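In what follows, a single structure is set out as structure tokens and then discussed.
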Amino acid sequence: MLLLIKNADVYAPEKSGRCDLLLGGGKILLMEPDIRIPGRYCEVIEARDLLAAPGFIDGHVHIMGGGGEGGFATRTPGLSLTDAILGGVTTVVGCLGTDGFTRTMAGLLAKAKGLDEEGISTFVYSGSYGLPLRTLMPSLEEDLLFIDKVIGAGEVALSDHRSSQPTFEAFAQLVGMARRGGLLSGKAGIVNVHLGDGPRGLDFLRRVLAETELAPSQMWPTHINRNPSLFEEGIAYAKAGGFVDFTTSTLASYLDGGEITCSVALRRMLEAGVDPGQVTFTSDGQGSLPDWDPAGRLQDISVGRVTSLFPAVRKAVLEEGIALETALRVITANPARILKLKAKGRLAPGMDADLVLLEPGKLEIRTVIAKGRLLMKGGKPLAKGMFE
Ligand code: ZN
């Protein structure tokens, strides 16, 4: 069955005026004004009072759960389809975290395939916090070459008490492997880098650029808003051509401790002259949000949510005065380009039929369509995961 969206105010993410969108076979077939199809061939959604945006891409989600930093009972649960739908998230990239032992690449891939069957698009990174990387095939290059869903490595932890404390050489070699595997497979081959609060900050990433032939496009550092000094480093790094990713899941204690709210972080990056194409948001959904005391003892732990992703963009528009078409890029066109997801992140004929309809003004999510299937209408989810 075809789906015809009528009269939407389209943000592709650039402002594109009023259009109809014809969806079929999981793709956007047409995007132009006044498409006429006999009613018996299609379901029509009247969107005269709505904005259309690309489905959101969340490039860092612990889809099978993460955490565990306070013992087994603190292992976090996996991502539900309902959370993805409520968040307007139609594409996720799954990762392992601190725990690459009770959580494995095989399990991560199986969870990604499950979510795919349930209705959203999924990809994964190979490995977890530690180096050497634990891959599914003998090497990262082979994971990239032979496993469709693998698009990079990570999240590899640096400047953090939970990292495996890799040497600079080990980290640079990993980025080189990702580069080589990415080239051979035609994928991004990007290393998703977890940054902790440690004073070394982005040092290893800067050294990769200064001391090797590798380009900034091979690394995607995340949690750059976690403290003021890392954020300042992030501005300089982005101005030098690097990508920077901000984490939307947070705790009040993190913000009290100096974490910079994503919406403010985006505004400050733009004010500093950073190209808006260099900045992304991810949710760290289903990851643990541990609260450590100054001695490194765990005080409390809670769980990140993919439903935090779009509210951060909404806040950037409504509270920081950033244009919707610019703010939307950080969860649509930018991650699609950085991760080389060619059919994602934009509304145009030939792209995957992933889209979100928003209420103008309040920017509430009303309708979610993933791979051409209606998953939310009128603010109500229409689908559930297998065991929800
Ligand atoms: Zn992380």
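The values are calculated or read from the model by the stated rules, or taken from the named source; none is laboratory data. Remember, predicted model here, so these are calculated numbers, not experimental data. Using ideal geometry, Cβ is built from the backbone for each residue, glycine included, and neighbour counts are taken over all protein chains shown.
So in segment 76-104, with the set limited to residues that are surrounded by fewer than 24 Cβ atoms within 10 Å (Cβ to Cβ), farther than 25 Å from ASP352 by Cβ and of a type outside the set (Gly, Ala, Ser), which one is nearest to the ligand (Cβ to nearest atom)? Break it down into steps so the answer makes sense when it comes.
Within segment 76-104, the subset surrounded by fewer than 24 Cβ atoms within 10 Å (Cβ to Cβ) is 76-78, 80-83, 86, 98-104.
Subset that is farther than 25 Å from ASP352 by Cβ: 76-77, 98-104.
Add one more test, that the residue is of a type outside the set (Gly, Ala, Ser), and what stays is 76-77, 98-99, 101-104.
On the way: THR76: 12, PRO77: 17, THR98: 8, ASP99: 12, PHE101: 16, THR102: 17, ARG103: 14, THR104: 18 Å.
Ranking the candidates gives THR98 first.
One line per residue, one yes/no per condition, for (1) within 16 Å of the ligand (Cβ to nearest atom); (2) in contact (Cβ under 8 Å) with a residue 60 or more places away in the chain:
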site	(1), (2)
ILE120	no, yes
LEU131	yes, no
PHE146	no, no
ARG162	yes, yes
PRO166	yes, no
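Look at THR247 and say whether it is under 19 Å from the mean Cα position of the chain (by Cα) and within 16 Å of the ligand (Cβ to nearest atom). Here the answer is yes, as THR247 does meet what is asked. Just one residue in the set GLU320, GLU325, GLU388 is assigned by TED's automatic domain parsing to the domain that holds LYS149 and outside any helix (DSSP H, G or I); that residue is GLU320. The requirement of being of a type in the set (Lys, Arg), in a strand (DSSP E or B) and either at pLDDT 95 or above or outside the structural domain of PRO276 (by TED's automatic domain parsing) (or both) is not satisfied by ARG40.
Say whether the condition of being modelled with pLDDT of 95 or more, within 16 Å of the ligand (Cβ to nearest atom) and farther than 20 Å from THR91 by Cβ is met by at least one residue in segment 203-216. Yes, that holds for at least one residue.
In segment 269-305, of all residues being assigned to a loop (DSSP other than H, G, I, E, B) and surrounded by 18 or more Cβ atoms within 10 Å (Cβ to Cβ), the one that is farthest from the ligand (Cβ to nearest atom) corresponds to VAL274.
Yes/no per residue for (1) in contact with a Phe, Trp or Tyr (Cβ under 7 Å, 6 or more places away or on another chain); (2) at positive phi; (3) within 16 Å of the ligand (Cβ to nearest atom):
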residue: GLY154; (1), (2), (3): yes, yes, yes
residue: GLN173; (1), (2), (3): no, no, no
residue: PRO199; (1), (2), (3): no, no, no
residue: PRO221; (1), (2), (3): no, no, yes
residue: ASN227; (1), (2), (3): no, no, yes
